[in-house]
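In what follows, a structure is listed as structure tokens, so that the remarks can point back to it.
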Amino acid sequence: MSDPKKPLIFELVGKCTTTKARVGKMILPHGPVDTPVFMPVGTQGTLKGMLPEQLKSMGLQIMLANTYHLGTRPGIDVLRKAGGLHKFMNWDNNLLTDSGGFQMVSLLKLAEITEEGVKFQSLNEQKNEVMLTPEHSIEIQNTIGADIIMQLDDVVKTTIPDKARIEESVHRTTRWLDRCIKVHKNPQTQNIFPIVQGTLYEDLRRKSIADHVQRGVNGFAIGGLSGGESKDDFWKIVHLCTDLLPNNKPIYLMGVGFAEDLVVCCALGVDMFDCVFPTRTARFGCALLMTGQINLKKNTYANDMNPIDKDCSCNTCKKYTRAYLHGIVTDLPVACHLLTEHNVAFQLRLMRTIRENILNGTFVEFVQNFMSKIYPDKNYPSWIRDSLDAVHITLL
Amino acid sequence: MKFTVNPASQRCPRLGRLEAFIDKPEYSLETPLVLLHTQGGQIPHVTHEVLKLITEDPQILQIPLVSMHCYHEAIRLYNGRVSEFVGNKDCLTCITVHDPSNITKQGHHMKDKVPIFTRNGKVLYDSKMYMSMIEQFKPDMYILLSDGDTNISSPNKRIAKAVESTVSLTEQCIEIHKESEVLKETFVIAPVAGGYCLKSRQKCIDLMQKNNSYIQGYLIDGLHNNGSEVEFISFAEVKPVVDLVVQNLSPNKLVAVQGCWSPLNIIKLVKSGVDLYDTSYCRILTERSAAIIFAMEPQEHSEAYEINLRQPKYAEDFQPLLRGCNCVACQGYSRGYIHHLLTVQELLGSVLIMIHNIYYMLRFFRKIRDCIKNGNLDDLEDKVATQFKLLQLDTDKDMQVVNGSVDT
């Protein structure tokens with residue numbers, strides 16, 4: 001099972017006997033990753049003022065960077081000369097890059113998708129038309145050198161009901177996957193993950209998965225969710241995908257990172273997550289708690305001598321009161337570093353707690369307690385109640 | 001807390017020692033010393049956690065009141081020392097009135113009150129309000145409230161007013177200090193006002209003599225209104241003032257200046273007998289994306305005085321800011337990476353530059369002290385002066401290019 005030349009070894013360490021939740025160890029070229037894992041997003045090859053030295057000492061094993069941004073600046077030439085992103089940013093743990101396609105469709109209004117690739121107007125001064133093809137995306141990602149790279153996929157908004165267009169995207173995504181695999185230069189050191197498409201149509205998701213599992217890849221991503229669809233639709237698709245995908249390979253659910261979503265999706269059997277929210281929100285003075293989030297800018301915290309979270313062992317919670325942070329958030333850049341540290345530590349602690357409870361056989365109780373703390377009046381949203389019910393957890 | 005002068009050393013330049021801190025008896029800091037400039041207790045861009053990666057030595061945080069005014073209620077409820085409140089109980093603290101890295105607005109004077117320009121507007125502090133804050137902060141050292149609003153172009157009337165207010169505020173503050181139980185061990189630095197008028201400086205010192213026994217150090221105040229312009233003050237202009245003040249104070253008193261003095265002027269100030277400085281210059285450098293890299297050792301090759309990481313020529317430069325530098329930024333990160341971070345406006349760019357600048361400034365002060373010990377401070381001055389001249393030539397050239405007056 002453990003082929004030394006394989007850039008990804010995934011071993012299941014434990015399983016919840018009630019739900020589909022599982023704990024795994026994923027060995028990548030830049031070290032091990034304990035799953036389920038949350039990957040913070042360091043878009044431009046840096047994470048909100050945090051030094052990689054700090055992130056390592058917090059136990060971060062993998063972070064995400066964005067191909068579209070890095071391909072624009074510093075650009076592929078600089079990254080090649082620098083010897084890849086790990087070296088450039090002084091991060092010798094694992095990296096994952098997206099394909100750049102999602103950014104283009106979401107950031108650029110003028111993006112047009114053809115069989116060849118995604119055509120868009122460049123953000124540079126010349127404003128010339130540029131085509132991001134599957135081949136080009138992989139070329140950039142090969143230069144960046146992340147341990148996990150994503151295929152370019154044909155992204156359709158989940159809120160678009162045009163089934164014919166979505167069906168086209170499913171087939172095209174598979175065709176693009178083949179083109180990506182064909183030009184991938186570093187199969188010994190970088191893993192391509194295919195992206196399951198099909199938005200909210202179960203039959204299309206089935207088709208997408210059936211096509212992708214034949215490609216001999218080391219893991220799978222579920223794409224096309226977290227794009228404005230209702231949560232009642234969202235969980236059903238995640239549930240379906242984790243049922244259909246092979247259980248000996250990691251499953252990555254893209255763009256999901258709110259605490260309760262992570263808990264539910266772990267119960268549904270997802271292994272990897274990413275989201276900009278925890279790091280982006282720090283800049284606005286938001287700190288994450290197990291029971292939700294607080295904005296330290298609010299005057300209620302001006303004289304609050306408690307740490308953000310007394311159960312958190314991050315440097316920020318060990319050393320600072322809410323009152324002190326209230327006086328500097330959104331004013332000094334260091335305040336953003338301090339809140340980012342807490343928010344990253346929060347995500348890491350949540351995932352560690354999930355893993356420990358799965359291994360201890362107490363995951364069901366953990367989920368029940370977790371949800372009852374967020375919803376003390378037991379007024380659970382239907383999607384949380386239904387999704388957990390589907391994996392045999394009855395909320396208290 | 002006390003200041004002692006090395007008995008073997010002459011008056012200028014001199015070595016000294018700050019020690020016997022209230023709850024840190026093991027700390028001992030040598031002068032000439034640089035305080036770590038902060039805003040709200042935070043070194044700009046560098047958290048206390050990152051500071052630990054820069055230095056493990058004991059440091060004094062310079063905390064401007066203006067950046068702490070928003071905590072006037074919270075600190076009363078907090079009931080601890082300001083070092084702990086700002087997140088670094090291992091550091092010592094020195095409270096100052098204004099922020100040396102920002103220009104202090106002029107004017108707005110009122111009898112026995114000093115205007116402080118916080119981010120929420122002007123606040124008038126009198127001695128009672130100020131000392132009440134100091135008692136809540138419980139710092140290791142602090143500067144008395146003063147009217148330091150003078151500079152080289154201040155008219156005599158303003159200077160006279162500044163001396164009068166400063167003397168009066170000092171007396172009021174010291175009266176409160178004498179009665180204060182919590183400030184019993186706190187180190188007092190009194191401001192000497194008087195702008196560039198030697199007579200006024202002399203008068204200010206004379207009027208403060210009666211409180212001399214309560215004062216452990218003096219700040220040569222009123223040389224400037226803070227901010228980045230301090231870097232360009234010519235030493236020839238301040239020298240007569242500094243010499244007069246230093247010669248007229250008892251030799252066992254600490255002498256301090258504040259502001260973003262250039263390294264070359266710092267050497268000149270040290271030679272004139274000034275003991276205490278701050279790192280606000282590092283912030284000024286970092287805000288203009290510059291790293292200081294001038295050579296300090298005789299055999300060291302100098303590439304430049306400072307480099308500006310925004311320049312496109314650094315995009316593919318994978319060397320550290322300064323080869324051979326042992327700071328965290330130079331150990332792991334390249335000029336190219338920092339250039340990228342600045343170009344895409346990521347916070348880490350300033351963090352890395354500031355790490356280097358602070359590290360380098362601390363090294364510079366170690367070097368100054370070594371030179372005093374070895375009697376070769378003049379050599380360091382020459383070395384830095386030569387490189388500083390090159391920077392000025394470069395800057396002039398850039399200006400000419402901008403003005404289109406250079407032949408190609």
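The values are calculated or read from the model by the stated rules, or taken from the named source; none is laboratory data. A quick note: this is a predicted structure, and the numbers were derived from the prediction, not measured. Reconstructed Cβ throughout: ideal geometry from the backbone, glycine too, with neighbour counts over all protein chains shown. Remember, those area values only see protein heavy atoms, side chains included, never the ligands or the DNA or RNA. Shrake-Rupley method; radii C 1.70, N 1.55, O 1.52, S 1.80 Å.
Rundown of residues vs (1) modelled with pLDDT under 95; (2) outside any strand (DSSP E or B); (3) at positive phi; (4) not assigned by TED's automatic domain parsing to the domain that holds B:Met133, yes/no style:
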site: B:Ala8; (1), (2), (3), (4): yes, yes, no, no
site: B:Leu18; (1), (2), (3), (4): no, no, no, no
site: B:Val50; (1), (2), (3), (4): no, yes, no, no
site: B:Asp57; (1), (2), (3), (4): no, yes, no, no
site: B:Leu61; (1), (2), (3), (4): no, no, no, no
site: B:Cys70; (1), (2), (3), (4): no, yes, no, no
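Which condition does A:Gln347 not pass, out of (1) surrounded by fewer than 21 Cβ atoms within 10 Å (Cβ to Cβ); (2) closer than 16 Å to A:Met58 by Cβ, if it passes all the others?
Among (1) surrounded by fewer than 21 Cβ atoms within 10 Å (Cβ to Cβ); (2) closer than 16 Å to A:Met58 by Cβ, A:Gln347 violates only (1).
On the basis of being modelled with pLDDT of 95 or more, more than 27 Å from A:His212 (Cβ to Cβ) and among the acidic types (Asp, Glu), does A:Asp92 make the cut? Walk me through how you get there before you give the answer.
On the way: modelled with pLDDT of 95 or more: yes; more than 27 Å from A:His212 (Cβ to Cβ): yes; among the acidic types (Asp, Glu): yes.
For A:Asp92, the condition - modelled with pLDDT of 95 or more, more than 27 Å from A:His212 (Cβ to Cβ) and among the acidic types (Asp, Glu) - is met.
Taking A:Gly84, is it over 16 Å from A:Asn142 (Cα atoms), within 14 Å of chain B (Cβ to nearest Cβ) and open to solvent by less than 10 Å² (accessible area, probe 1.4 Å)?
Details: over 16 Å from A:Asn142 (Cα atoms): no; within 14 Å of chain B (Cβ to nearest Cβ): yes; open to solvent by less than 10 Å² (accessible area, probe 1.4 Å): yes.
No.
What is the number of the single condition among (1) of a type outside the set (Phe, Trp, Tyr); (2) surrounded by 24 or more Cβ atoms within 10 Å (Cβ to Cβ); (3) more than 13 Å from every other protein chain (Cβ to nearest Cβ) that A:Thr46 does not meet?
Among (1) of a type outside the set (Phe, Trp, Tyr); (2) surrounded by 24 or more Cβ atoms within 10 Å (Cβ to Cβ); (3) more than 13 Å from every other protein chain (Cβ to nearest Cβ), the lone unmet condition for A:Thr46 is (3).
For A:Phe234, which of the numbered conditions (1) open to solvent by 10 Å² or more (accessible area, probe 1.4 Å); (2) assigned to a helix (DSSP H, G or I); (3) within 27 Å of A:Phe346 (Cβ to Cβ) fails to hold?
Only one criterion is unmet by A:Phe234, namely (1).
Identify all residues within segment A:322-342 that are more than 7 Å from chain B (Cβ to nearest Cβ), modelled with pLDDT of 95 or more and either open to solvent by 10 Å² or more (accessible area, probe 1.4 Å) or closer than 19 Å to B:Asp90 by Cβ (or both); write none if there are none.
Answer for segment A:322-342, where residues must be more than 7 Å from chain B (Cβ to nearest Cβ), modelled with pLDDT of 95 or more and either open to solvent by 10 Å² or more (accessible area, probe 1.4 Å) or closer than 19 Å to B:Asp90 by Cβ (or both): A:Arg322, A:His326, A:Glu341.
How many residues does segment B:211-233 contain that are open to solvent by 30 Å² or more (accessible area, probe 1.4 Å), touching a residue at least 24 places away in the same chain (Cβ under 8 Å) and hydroxyl-bearing (Ser, Thr, Tyr)?
Final tally of qualifying residues: 2.
Could you grab me the full set of residues in segment B:332-375 that are touching an Asp or Glu at 6+ places or on another chain (Cβ under 6 Å) and farther than 26 Å from A:Gly42 by Cα? Spell out the reasoning first.
Taking segment B:332-375 and keeping what is touching an Asp or Glu at 6+ places or on another chain (Cβ under 6 Å), we get B:335-336, B:369.
B:Arg369 - this is the single residue of segment B:332-375 that is touching an Asp or Glu at 6+ places or on another chain (Cβ under 6 Å) and farther than 26 Å from A:Gly42 by Cα.
Could you grab me the full set of residues in segment B:318-331 that are farther than 16 Å from A:Leu47 by Cα and not β-branched (Val, Ile, Thr)? I'd like the intermediate steps shown before the answer.
Pass one, segment B:318-331, residues farther than 16 Å from A:Leu47 by Cα: B:318-328, B:330-331.
Within segment B:318-331, B:Phe318, B:Gln319, B:Pro320, B:Leu321, B:Leu322, B:Arg323, B:Gly324, B:Cys325, B:Asn326, B:Cys327, B:Cys330, B:Gln331 qualify.
State which residue pairs qualify: first residue more than 10 Å from chain A (Cβ to nearest Cβ) and more than 11 Å from B:Gly87 (Cβ to Cβ) and inside segment B:41-70, second residue assigned to a loop (DSSP other than H, G, I, E, B) and open to solvent by less than 20 Å² (accessible area, probe 1.4 Å) in any location, beta carbons under 6 Å apart, and separation of 6 or more residues or different chains.
Close Cβ pairs (under 6 Å, with a partner that is assigned to a loop (DSSP other than H, G, I, E, B) and open to solvent by less than 20 Å² (accessible area, probe 1.4 Å)) amount to B:Gln59/B:Cys91; B:Ile63/B:Thr38; B:Ile63/B:Gly41; B:Pro64/B:Asp99; B:Leu65/B:Val97; B:Val66/B:Asp99.
Being of a type in the set (A, V, I, L, M), more than 21 Å from A:His136 (Cβ to Cβ), in a loop (DSSP other than H, G, I, E, B) and within 22 Å of the chain's Cα centre (by Cα): is that true of A:Leu225 here?
On the way: of a type in the set (A, V, I, L, M): yes; more than 21 Å from A:His136 (Cβ to Cβ): yes; in a loop (DSSP other than H, G, I, E, B): yes; within 22 Å of the chain's Cα centre (by Cα): yes.
It is true that A:Leu225 is of a type in the set (A, V, I, L, M), more than 21 Å from A:His136 (Cβ to Cβ), in a loop (DSSP other than H, G, I, E, B) and within 22 Å of the chain's Cα centre (by Cα).
Any idea which of A:Val13, A:Val33, A:Val41 is surrounded by fewer than 19 Cβ atoms within 10 Å (Cβ to Cβ) and in contact with a strand residue (DSSP E or B) (Cβ under 8 Å, 6 or more places away or on another chain)? Steps first, answer last, please.
Details: A:Val33 fails: surrounded by fewer than 19 Cβ atoms within 10 Å (Cβ to Cβ); A:Val41 fails: surrounded by fewer than 19 Cβ atoms within 10 Å (Cβ to Cβ).
Just one listed residue meets the conditions, A:Val13.
Of the residues A:Thr300, A:Thr362, which is away from chain B (no Cβ under 14 Å), open to solvent by 30 Å² or more (accessible area, probe 1.4 Å) and either under 23 Å from the mean Cα position of the chain (by Cα) or farther than 25 Å from B:Glu346 by Cβ (or both)?
Exactly one residue qualifies, and that residue is A:Thr362.
Scan (1) more than 13 Å from chain B (Cβ to nearest Cβ); (2) open to solvent by 20 Å² or more (accessible area, probe 1.4 Å) for the single condition A:Thr67 breaks and write down its number.
(2) is the only condition that A:Thr67 fails.
Which of the numbered conditions does B:Arg369 fail, given that it passes all the others? Conditions: (1) in contact (Cβ under 8 Å) with a residue 12 or more places away in the chain; (2) within 14 Å of another protein chain (Cβ to nearest Cβ).
Unmet condition: (2).
Take B:Arg369 and decide whether it is surrounded by 14 or more Cβ atoms within 10 Å (Cβ to Cβ) and within 26 Å of the chain's Cα centre (by Cα). Write out each step before concluding.
Working: surrounded by 14 or more Cβ atoms within 10 Å (Cβ to Cβ): yes; within 26 Å of the chain's Cα centre (by Cα): yes.
Yes: the conditions hold for B:Arg369.
Given the conditions (1) touching a Phe, Trp or Tyr at 6+ places or on another chain (Cβ under 7 Å); (2) under 29 Å from A:Val13 (Cα atoms); (3) surrounded by fewer than 20 Cβ atoms within 10 Å (Cβ to Cβ); (4) not charged (D, E, K, R), and given that A:Ser372 satisfies all but one, which numbered condition is not satisfied?
Going through the list (1) touching a Phe, Trp or Tyr at 6+ places or on another chain (Cβ under 7 Å); (2) under 29 Å from A:Val13 (Cα atoms); (3) surrounded by fewer than 20 Cβ atoms within 10 Å (Cβ to Cβ); (4) not charged (D, E, K, R), A:Ser372 breaks only (1).
For residues that are crowded, with 16+ Cβ neighbours inside 10 Å and either outside the structural domain of B:Tyr71 (by TED's automatic domain parsing) or assigned to a loop (DSSP other than H, G, I, E, B) (or both), tally how many sit in segment B:152-163.
Step one: of segment B:152-163, the residues crowded, with 16+ Cβ neighbours inside 10 Å are B:154, B:158-163.
Those left that are additionally either outside the structural domain of B:Tyr71 (by TED's automatic domain parsing) or assigned to a loop (DSSP other than H, G, I, E, B) (or both): B:154.
Total meeting the criteria: 1.
Can you tell me which residue within segment A:181-198, out of those that are in a strand (DSSP E or B) and aliphatic (A, V, I, L, M), is nearest to the chain's Cα centre (by Cα)? Steps first, please.
Initially, segment A:181-198 is screened for residues in a strand (DSSP E or B), giving A:191-193, A:195-196.
Remaining after also requiring aliphatic (A, V, I, L, M): A:192, A:195-196.
Working: A:Ile192: 15, A:Ile195: 13, A:Val196: 15 Å.
Filtering segment A:181-198 for residues that are in a strand (DSSP E or B) and aliphatic (A, V, I, L, M), the one nearest to the chain's Cα centre (by Cα) comes out as A:Ile195.
For segment A:331-362, which positions are small (Gly, Ala, Ser) and in a helix (DSSP H, G or I)? Full working, then the answer.
Applying the first criterion (small (Gly, Ala, Ser)) to segment A:331-362 yields A:335, A:345, A:361.
If the condition is that a residue be small (Gly, Ala, Ser) and in a helix (DSSP H, G or I), then A:Ala335, A:Ala345 are the ones that fit.
For residues that are closer than 18 Å to A:Asp261 by Cβ and part of a helix (DSSP H, G or I), tally how many sit in segment A:365-382.
So the answer is 10.
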